[in-house]
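Once you've had a glance at the structure underneath, I'll fire off some questions.
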Amino acid sequence: MPRLKYASVVRVLVILGLFCLWVQIMLSASNGGIYRDGEELMNANETSEQVLALVPPELHKYLTVHPKNISANSTEKAGPKNVTEIRKLIERYNDAQIIHNEDIFGPVQNDTIIIAVQVHTRLTYLRHLIVSLAQARDIDRTLIIFSHDYYDEEINNLVKSIDFTKVMQIFYPYSIQVHPHEFPGMDPNDCPRDAKFEQAIKLKCNNALHPDLHGHYREAKYTQTKHHWWWKANRIFNQLQCTAGHTGMVVFLEEDHYVAEDFIHMLHLLRATADKSCPQCEILSLGTYLKTYQYHVNGDKRKKQLTLSYIQQVKAANEERRRRQQETQTWNFQVYPNIYSATQKVEITPWHSSMHNMGFAFNRTVWNYIMELQDQFCAYDDYNWDYSLLHLSQNRPGREKFKVILCKGPRVFHIGECGFHHKKSNCNASTVISKVQKLLQNAKSYMYPSRVTATITAGGTKHNKKLVKGNGGWGDIRDQELCANMTRIGRQNRKYVYFT
């Protein structure tokens, strides 16, 4: 009998030990470990020798993972922070508006190119974006603004370590991270996404009267991206001291993009071509969703044909935002003189959200057009910021839709194949990054073209079709009001109001 009691005690102790270990792992994850804000991250050491071989040795420092809480150049208290501490740090950062390296590279001018990078938690991809930016010609003449919706010391220290140009960090103050159990996060009394209207009324949940056009209720993790994009644009154009008189281009990138070394050269070339051939072109686009390339030589080596899977890539881009399972696609990058040559082709066409939202740029004049119709952006029932812009573009009174001039040979690539929306068992960031690196290495002799030739197209029937309704996810009146208030706060220069 005593032996049985002893065995039972041992069994209980083992179970308790395993439970404590599980709790410790989960707590570590929630504070910036394996998982951040519910998003699965790749191993930060997932940088293969193949990838490193194509990165200059002096830039390896941006790919180096430092031990937890012992990050290089760290000036902040180590360890996890609570919501109150993070809110104070965010407010301090945003009030200070510090531009790092300004003493080295000079002040921001009104025509300085601003590169706005929207950052969540995908640290591995962010490291490679920074490496690609570091190799771009004339990057030292730009200002890179990193806009964060998640406060993380490892990400902050990486950004602060940048020494090749001017850098600023801004922090979206209405993030889920600092509002985990209240709007704009997920309030415990918010309606379940799939609750029926009658059921929601009986539950008396907060947003029972405001489902989206498909009958679903809001999901905070999906509304945050549109909120963040809108806040970031308002912050840059309406609030920062260094951009008060800025008239130059603002290039919009995301943490899982990768740029070619001549992307700034191409930006200038696109602007010059637009001024000459398309004064009504408001938007410049450096990236297109091209993934699978077919290379054919038909006997004459001077004649090379390129098959572009536009439809497949647009579909994949849309599916990513709409939480559908990503299609299995093969990356097969090669060099094509058709698109990478001394005289390269650019296209002038109506701007479409799913085709021209990567590495796109515009100036204050276009922003003012957007401000004229800001209510349409904020009230449109679509949780995608780019489709909301498309709706706005298609409803400009007395004006045509936005026109874009874009590179046929992309200078911005999407490398974000792993993460929240993609649960492939064989997902490996290095594979995708390596193929983009090889493409750009093989195309090096075609970079920095002296001129481009413009082709004007009307766009496909699908892309010219006027949006009748949005994709939903934005029916909650609180989201619409928060969106509208961001612009009012910017214009009145008020302090941020946290939800309590």
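The values are calculated or read from the model by the stated rules, or taken from the named source; none is laboratory data. Because the structure is predicted, anything quoted here is derived from the model rather than measured. Please note: Cβ atoms are built from the backbone with ideal geometry, for glycine as well, and neighbour counts cover all protein chains shown. Just the protein is used for accessible areas: all its heavy atoms, side chains included, with ligands, DNA and RNA removed. Shrake-Rupley method; radii C 1.70, N 1.55, O 1.52, S 1.80 Å.
Within the set K226/K469; K232/K466; K81/K204; K88/K160, which residue pairs have Cα atoms separated by over 23 Å?
K232/K466; K81/K204
Mind ranking H414, H356 by accessible surface for me, highest first, 1.4 Å probe?
H414, H356
A further question follows. Kirkwood-based Rg over Rh for the range 118-227 (C-alpha set), two decimals?
My calculation puts Rg/Rh at 1.17.
Here is a further query. Shape of the range 169-255 from its Cα gyration tensor (a ≥ b ≥ c, root eigenvalues): rounded if a/c is under 1.5, otherwise prolate when a/b > b/c, or oblate?
prolate
Lys and Arg at +1, Asp and Glu at -1: add these up for the other residues within a Cβ distance under 9 Å of C205 and post the number.
-1
Counting only protein heavy atoms and a 1.4 Å probe, tell me what percentage of the range 80-163's accessible area is made up of carbon and sulfur.
Numbers: 1370 of 3050 Å².
Roughly 45 percent, rounded to a whole number.
Compute, for M358, the solvent-accessible surface of its heavy atoms (probe 1.4 Å) with the complete set of protein chains present, and express it in square angstrom to the nearest 10.
Near enough 0 Å² of accessible area.
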